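To start, the structure under review is shown below, and the notes come after it.
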Amino acid sequence: MEVVTTIAEARARLDAARRSGGTVGLVPTMGYLHEGHASLMTASVADNDFTMVTIFVNPLQFAAGEDLASYPRDLERDLEICSAEGVDLVLAPGVDEMYPTPIETTVTVDAVARPLEGRSRPEHFAGVATVVAKLFSIAGPCRAYFGAKDWQQVAVVRRMAHDLSMPVEVVPCPTVREHDGLAMSSRNVYLAAEERAQAPVLRRALDAGLVAIAEGERDAAVVESAMAAVVAEADLGTVDYVAAVQADALITDGPLHDEVRLLIAVQFGKARLIDNDGCHID
């Protein structure tokens, strides 16, 4: 495995892989890797001839007062995980490499980015879309792997790639969970012991919503109430949102139908946790 820190080096390696007839997989990350990230690498290595992982804590997606300075980092351990997964190349640029001058061009995905996380963190998805657009430009034609835990992010990136005719196939991969159902996240390290004990309530709330749908409920508000009732059991958590929406547009346009996504965000102390799950309604 090779580790590079510049865009030019990464482009040269990927272009060489394609010239030799190889396919390219891209796994964008902010580091502090866990089994969820490793599952994305596993998928990319299986699907492609050459896999690049990027490790970059993107300042554009952090609003004032969020955890940019304290965001967990452990590059040495990250590289060990990448190597163990069979990754070919890691791009680990500094901020000056990614943004050598104050950035004046940003990417905004409108409707899909507006609800849910967009209401709570209005600058977040412009930062995500901008850095991912830059990474797609660096990588060139490829498959790009994202965790389904950040479902709205998947929807935003898919729409951006479609609207801008990018030669990138966005591949969502299943959420990887702890033994008690908590979705793996780099931010789980912020949880105090009591908060960690209550955090699996997100998974139970999603399950309550899925049960309601399986029993025939099609009113999004009723499904959301079932989810909210479960979250209320966790007295250390503050609910940001619970939502039952159509999976692609992330809105409710009448009775739930076809592909549905249930999403939830809860604040536990310093840790803001998100999770989601989906189902198909015939």
Can you tell me which condition Val170 does not meet? The list is (1) more than 25 Å from Ile251 (Cα to Cα); (2) part of a strand (DSSP E or B), and all the others hold. (1)
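Please tell me if His179 is without any contact (Cβ under 8 Å) to a residue 12 or more places away in the chain and in a helix (DSSP H, G or I).
no
Output the residues belonging to segment 241-279 that are without any contact (Cβ under 8 Å) to a residue 60 or more places away in the chain and among the aliphatic types (A, V, I, L, M). Steps first, please.
To start, the set of residues in segment 241-279 that are without any contact (Cβ under 8 Å) to a residue 60 or more places away in the chain comprises 242, 244, 246, 252-260, 262, 267.
Within segment 241-279, Val242, Ala244, Leu256, Val260, Leu262 qualify.
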So Ala43, is it at pLDDT 95 or above, within 21 Å of Asp275 (Cβ to Cβ) and small (Gly, Ala, Ser): yes
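Would you pick out the residues in segment 147-167 that are surrounded by fewer than 18 Cβ atoms within 10 Å (Cβ to Cβ) and either part of a loop (DSSP other than H, G, I, E, B) or touching a residue at least 24 places away in the same chain (Cβ under 8 Å) (or both)?
Asp163, Leu164, Ser165, Pro167
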Looking at (1) out of contact with any Gly (no Cβ under 7 Å at 6 or more places or on another chain); (2) assigned to a helix (DSSP H, G or I), which one does Gly21 not meet, given that it meets all the others? (2)
Pick from segment 255-282, criterion loosely packed, with under 15 Cβ neighbours inside 10 Å and of a type in the set (D, E, K, R), ranking: nearest to Glu194 (Cα to Cα): Lys270
Among the numbered criteria (1) over 28 Å from Thr5 (Cβ atoms); (2) in the same structural domain as Gly31 (by TED's automatic domain parsing); (3) surrounded by fewer than 22 Cβ atoms within 10 Å (Cβ to Cβ), which single criterion is violated by His179? (2)
Inspect segment 38-55 for any residue being in a loop (DSSP other than H, G, I, E, B), touching a helix residue (DSSP H, G or I) at 6+ places or on another chain (Cβ under 7 Å), at negative phi and surrounded by 13 or more Cβ atoms within 10 Å (Cβ to Cβ) and give the result as yes or no. yes
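The values are calculated or read from the model by the stated rules, or taken from the named source; none is laboratory data. These numbers were taken from a predicted model, which means no experiment stands behind them. Virtual Cβ from ideal backbone geometry, glycine too; neighbours counted across all protein chains shown.
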